[in-house]
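Before any comments, here is the structure.
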Amino acid sequence: MTAEKNTAIGTTDIEKENLSCLYKITRNLASSANLQDSLVRIVETLGEEKKMDNGTVTIVNPTTGELEIEVAYGISAEARRRGRYKLGEGITGKVVATGEPILVPQIGEEPTFLNRTRTRGDERKKKSSFLCVPIKAGNQSIGALSVDRIYEENLGLQSEQDLRCLTVVSGLISQTVQRVQKVNEEQEALRRENSQLKRELSAKNRIKDIIGNSSRMQEVYEMVYRVADSNATVLLRGESGTGKTLVAKALHYNSNRSKGPFIVVNCSALPETLLESELFGHEKGSFTGANERKRGRFEQAGGGTLFLDEIGEISPAVQVKLLNVIQERTFQRLGGTETIRADIRLVAATNRDLETAVSEKHFREDLYYRLNVFPVFLPPLRERRTDVLLLTEFFLEKYCRENNKQIRRISTSAIDLLIQYHWPGNVRELQNCMERAVLICDGDSIQSIHLPPTLQSGESIHAGGRLSLATGVENFEREMIIDALKQTRGNQTKAAKFLDTSLRIINYKIHSYGIDPRQYKVKKCES
């Protein structure tokens with residue numbers, strides 16, 4: 001009777017201890033969204049509450065199919081790295097393979113215990129009990145939870161209770177894994193959806209005939225689509241060669257005036273007397289040589305868009321007349337009295353600093369404010385370096401097609417020069433550079449020698465100083481290795497043969513220069 005009573009009291013104490021441990025584990029799991037943190041908290045709680053040593057959570061690596069220690073309590077990092085098992089190997093591998101828990105009263109007496117982590121070498125730990133239960137997702141075992149406990153006589157009942165407790169904990173781990181995986185999947189789905197929406201928006205805003213995916217160009221695309229359908233006057237600002245004419249065309253052909261004419265006037269190409277006649281037209285006999293009536297560009301652009309390029313170059317006299325047209329939307333031909341309505345969308349462009357020109361009285365302030373209704377700034381090429389390769393490939397394909405050439409790629413050394421150059425002439429300079437390269441290239445790839453000397457001079461590259469001989473040699477070796485990896489699709493053995501050297505040297509150089517051969521494995525890089 002006394003023994004039964006003591007057993008009942010012992011059972012109650014064990015149950016209370018287990019319930020307390022499970023409560024703490026459940027509370028910690030509920031507040032954690034990180035799987036690694038959750039597993040660490042579990043083994044720490046088991047160590048503190050149940051006085052268990054060497055607690056480990058082992059998970060099946062889906063890539064290798066091996067069991068690897070995910071988290072551990074009371075085990076060094078080196079021991080964790082050693083703790084790898086195949087399915088069915090050792091006690092842990094057997095638990096995962098069979099899906100059944102195992103209790104070993106004394107580890108030292110169990111022949112199948114491998115001690116792969118080398119943490120049970122002393123006699124005391126050899127007498128530890130080892131408890132291992134599977135972690136299941138549905139009917140499939142995905143890992144195991146195992147702990148050590150100092151062996152004591154007459155602890156059979158407690159060991160059985162501990163095994164049941166660990167089985168409950170493994171179920172909590174399984175639920176946590178599935179919950180965290182679901183959260184991660186939802187976050188990944190949201191991330192993919194967000195990326196997809198960004199790509200769709202980018203594709204929607206993308207303007208035909210304008211090459212560029214950089215953030216600066218995305219801003220330009222967005223501005224174009226915001227103003228395209230309005231009749232507001234647009235002022236395109238930017239350096240020469242940045243593509244202001246292309247943006248002006250995009251404004252026209254993406255507007256409700258797209259079926260009307262698109263008329264371009266280069267204000268800097270005409271003298272003052274001719275510019276006035278070109279813009280407003282003239283009547284027969286209005287000046288010497290005016291043998292017939294002429295319709296000006298404002299009339300020709302009726303129902304469409306008039307693009308005034310280099311507007312910062314017009315004379316004060318023309319500025320006055322242009323201001324009147326913009327304000328009143330009416331004008332008269334030279335020598336005429338008829339008032340003509342200007343049904344046009346006005347787009348102007350300049351590479352000048354108009355604010356300085358206004359302060360220096362070279363440009364009318366009132367005209368400036370009339371033109372500057374909706375300014376769009378086009379970035380120079382040096383501020384959108386991610387677009388350099390896109391533009392290069394576009395021009396390469398264009399001039400290969402025009403000149404009937406079969407140039408498939410651009411070498412790494414040539415790419416480095418193109419990326420590092422500061423492009424004072426912007427896209428126009430890059431276009432001319434690629435046309436020249438295609439014309440003088442006789443092989444199947446553009447090399448650095450095919451690029452203009454300005455790209456290859458030390459002054460043209462912002463490299464922060466003169467290159468040393470050692471650095472130059474390293475850069476050359478790196479380019480040769482990358483070219484070889486591109487040719488061999490990332491195969492290092494073939495790359496070594498291609499360069500007539502040993503695999504050991506290639507591996508050493510790849511490691512030294514931080515080259516990742518894997519990026520060339522999927523397909524041949526056509527830079």
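Observations
- Evaluated against (1) surrounded by fewer than 19 Cβ atoms within 10 Å (Cβ to Cβ); (2) not in a loop (DSSP other than H, G, I, E, B), A248 falls short on exactly one condition, (1).
- Residues that are surrounded by fewer than 22 Cβ atoms within 10 Å (Cβ to Cβ) and either in a helix (DSSP H, G or I) or among the polar types (S, T, N, Q) (or both), drawn from region 416-425: D416, L417, I419, Q420
- Hits in region 405-415 (condition: part of a loop (DSSP other than H, G, I, E, B) and crowded, with 19+ Cβ neighbours inside 10 Å): I407, S411
- Checking every residue in region 295-308 against the condition of being aromatic (F, W, Y), under 30 Å from E222 (Cα atoms) and in contact with a helix residue (DSSP H, G or I) (Cβ under 9 Å, 6 or more places away or on another chain) gives at least one match.
- When region 341-365 is limited to residues that are without any contact (Cβ under 8 Å) to a residue 12 or more places away in the chain and of a type in the set (S, T, Y), the one that is nearest to F262 (Cα to Cα) turns out to be T356.
- Pairs, first assigned to a helix (DSSP H, G or I) in region 433-450, second of a type in the set (S, T, Y), C-beta under 8 Å, six or more apart: M434/T392; M434/Y399; E435/Y399; V438/Y399; L439/Y399; S448/S411; S448/S413
- Matching residues, region 275-289, being in contact (Cβ under 8 Å) with a residue 40 or more places away in the chain, on the phi > 0 side of the Ramachandran plot and surrounded by fewer than 20 Cβ atoms within 10 Å (Cβ to Cβ): G285
- All conditions in (1) in the same structural domain as G83 (by TED's automatic domain parsing); (2) modelled with pLDDT of 85 or more hold for V224, with the sole exception of (1).
- Scanning region 217-245 for residues that are part of a loop (DSSP other than H, G, I, E, B) and either within 29 Å of P424 (Cβ to Cβ) or among the hydroxyl-bearing types (S, T, Y) (or both) yields S230, T233, G238, E239, S240, G241, T242, G243.
- Selected residue (only one of F262, F307, F280, F298 is more than 19 Å from R370 (Cα to Cα) and aromatic (F, W, Y)): F262
- Taking region 56-93 as the range and being more than 23 Å from R41 (Cβ to Cβ) and touching a Ser or Thr at 6+ places or on another chain (Cβ under 7 Å) as the test, the residues that pass are R82, Y85, G90, I91.
- Screening region 37-74 for residues that are out of contact with any strand residue (DSSP E or B) (no Cβ under 6 Å at 6 or more places or on another chain) and outside any helix (DSSP H, G or I) and picking the one that is nearest to S170 (Cα to Cα) gives K50.
- Whichever residue in region 228-245 is touching a residue at least 60 places away in the same chain (Cβ under 8 Å), hydrophobic (A, V, I, L, M, F, W, C) and touching a helix residue (DSSP H, G or I) at 6+ places or on another chain (Cβ under 7 Å) and, among such residues, is surrounded by the most Cβ atoms within 10 Å (Cβ to Cβ): L236
- Reported count of residues in region 272-291, each being within 12 Å of G335 (Cα to Cα) and not in a helix (DSSP H, G or I), is 9.
The values are calculated or read from the model by the stated rules, or taken from the named source; none is laboratory data. All values derive from a computational prediction rather than experimental measurement. Neighbour counts run over all protein chains shown; Cβ positions are idealised from the backbone, glycine included.
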